[in-house]
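For reference, the structure discussed in these notes is given below.
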Amino acid sequence: MFFILVVTAVVLLCTYEFMRRRSRNWKMLSQYPGDYPLPIVGNGFQLGFDADDSSHKLMELWKKHGRTNFRMTVGSEEWVLLSNPDDIATILNHPTELGKQVERNTAMQPFFGNSVSTSEGERWKTIRKLMATSFHFKTLEKRVEHVNKHCDSLFEVLDDHDGTVVDMYRYLRPYMFDILCNSLMGVNSDLLATPDHPYLQASAKVVNIITQNFFSYWRNIKFIFQLTPFYKEMTETIKTIRDTSTVIISERKKALKKIINDTENNNRNVDVDLEEILGNKVSDDMCLLDKFLLSKMYNGEPLPEDMINDEITLVTWTGHYTTTMTMAHTLYCIAKYPEVQKRILEEQRSIYNKDFSKKPTNTELTDMKYLEAAIKESIRMIPTVTKIGRQLKNDLEFKDGRKVPADTTVVVFYEAIYQDPKTFHEPEKFNPERFFEPMHNHAFVPFSAGPRNCLGFRFAWVAMKATISNIIRRYELSLGGPGTEPQFAYRIVTESKNGLQLRLKKRT
């Protein structure tokens, strides 16, 4: 009996492989270099089971297959990983191929629900349209003012470390969270005063848990996952970050109620409507949270609070975590390359002359071309996001005529693009000047591009440039010394157990 079962299994596998090789999908995929997948597991063994090492292994496969687009099979899923800027432009600018990778959404939804990052269709369109005006260029001057105000609080902390080594990442995260709460939520936050706050401890775990969920397929077997300590850690983390969003929403509601009460006291014989108080409609210059609280669904009902919580949890986490990481990476590179720090400082002097302590305006930030180039080069060398994906609904044809079949995951492989010598000359060198040279407009798109780009990219640029401008004019930066050098994991400084240890010396 056992022998019959084995023979049957072998016959079925052989039949499956025969049909696979003759399939229309395989004929399309075989146009791309890649190793032939094993039955059931595909190329899963090449990717391995260590999520921490997956990015490194994908880079090795990219190099093995000629530093070009390549394919691989992960379980039953087909991937095509892109490093060609023309092909990246095709997928990111496509008007209908907007769906994110199924496995990615599955890993993120426990934390952020059906938010704008994972949703599709009418909900995605409605929420994106509602959020878009909060990140319009018209709002940037106000955002700069918020950053400058919180920079003063950051300096009060950092001045205590003058002449010593400090973990910048420890303070940049709460600083950025406070900015987001103040600027986008209309709520005062002071996590900078409590850098060990439960929210910051929980939010630091999110990336690792999502990554482990993505690559550890056994976690999709829910009844097994629920029996493990990993599940308990995940549920506790989710509760902490979503409870924080609940508090933020509640605080803003109280502030809006106070506006109503104050207005009613001044207009005792007039019926008061909150929308009339705030401008007759959901206006562009409202803070983002007010738009969620005042907007109506198609049936005239307010947005459900769980839907608002999804979006606020997403914005506060992605906004503070990814922006902080990019700033930390940039400060690390500035400290590591003194000649770059000198050039940035010279540019700052050319803008501010003798008024070196002046807080920047949005116009002055626009003039900081070299600082912007240094931030871009830091992103290229140490990408905050190493890849993004799209799940194809239909066949997709690239510029060279090759096609990718429907249901394939197309991955924009940022890490490979940024290390491709065909796109970036001498990619191993830190060289901000490369961004003053002509390049393909999709060779560097860290905030994605097209209809599903990052809505907050303008805010992120303002926050990063204003913060680093203020810091570099106040402190001379150098690495912390032996034993404090970050150990790169995922090529990312802030995943190191050392954090970002820099020596600060106040400028005279």
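Comparing THR330, PHE424, MET381 along the charge dipole axis of segment 322-429, the residue lying farthest to the positive side is THR330, per the Cβ-charge model. Average 1/r across all pairs of distinct alpha carbons in the chain, invert it, and you get the Kirkwood radius: 25.0 Å.
Kirkwood radius, segment 215-263, all distinct C-alpha pairs, inverse of mean reciprocal distance: 13.5 Å.
Ranked highest first by average number of other Cβ atoms within 10 Å, how do 193-201, 110-118 line up?
Working: 193-201: 14.9, 110-118: 20.6.
Packing order, densest peptide first, comes out as 110-118, 193-201.
Taking 0.36 nm per residue of sequence separation and removing the Cα-Cα distance, the ASP159/TYR36 pair yields an extension gain of 38.5 nm. Computed from point charges on the beta carbon alone (+1 for Lys and Arg, -1 for Asp and Glu), the dipole magnitude for the chain about its Cα centre is near 860 Debye.
Taking 7 Å steps out from each Cα toward its Cβ at ASP50 and THR228 produces label points 1.7 nm apart. Expressed as a whole number of Å, what is the distance separating the alpha-carbon centroids of segment 174-212 and segment 71-96? After rounding, the separation between the Cα centres reads 33 Å. Relative to the longest principal axis of the Cα atoms of the chain, the long axis of helix 229-266 lies at roughly 40 degrees.
Distance from the alpha carbon centroid of segment 288-367 to that of segment 387-407 works out to 33 angstrom.
The Cα-based radius of gyration of segment 68-143, divided by its Kirkwood radius, gives an Rg/Rh of 1.06.
Relative intensity of segment 118-256 on a log10 scale, I(q)/I(0) at q = 0.15, 0.22 Å⁻¹, equals -1.00, -1.32, per a Debye sum over C-alpha point scatterers of equal strength in the absence of solvent. Relative to the dominant Cα principal axis of the chain, helix 2-22 is inclined by about 70°.
Which percent of the accessible area of the chain is formed by carbon and sulfur heavy atoms (probe 1.4 angstrom)? Before the final figure, lay out the partial values.
On the way: 13040 of 23900 Å².
C and S fraction of accessible area: 55 percent.
Here the sum of -39500 (n - 2.57) over DSSP H runs of 4 or more residues, divided by the residues of the chain, equals -16000 deg cm²/dmol at 222 nm, to the nearest 500.
For segment 346-431, the alpha carbon convex hull comes to 156 Å³ per residue, rounded to a whole number. Rounded to the nearest 10 degrees, the angle from helix 369-381 to the longest Cα principal axis of the chain is 30 degrees. The GluC sites (Glu not before Pro) of segment 372-457 meeting both criteria, a DSSP state outside H, G, I, E and B (loop) and at most 14 other C-beta atoms within 10 angstrom of the site's C-beta, are GLU428.
With contacts taken as Cα pairs under 8 Å and at least 6 residues apart, the chain reaches a relative contact order of 25 percent.
The values are calculated or read from the model by the stated rules, or taken from the named source; none is laboratory data. Predicted, not measured: the structure shown is a model, and the values here were computed from it. When we count neighbours, we look across all protein chains shown, and the Cβ atoms used for this are built from the backbone with ideal geometry, even at glycine. Ligands, DNA and RNA are excluded from the accessible area calculation, which covers all protein heavy atoms including side chains. Shrake-Rupley method; radii C 1.70, N 1.55, O 1.52, S 1.80 Å.
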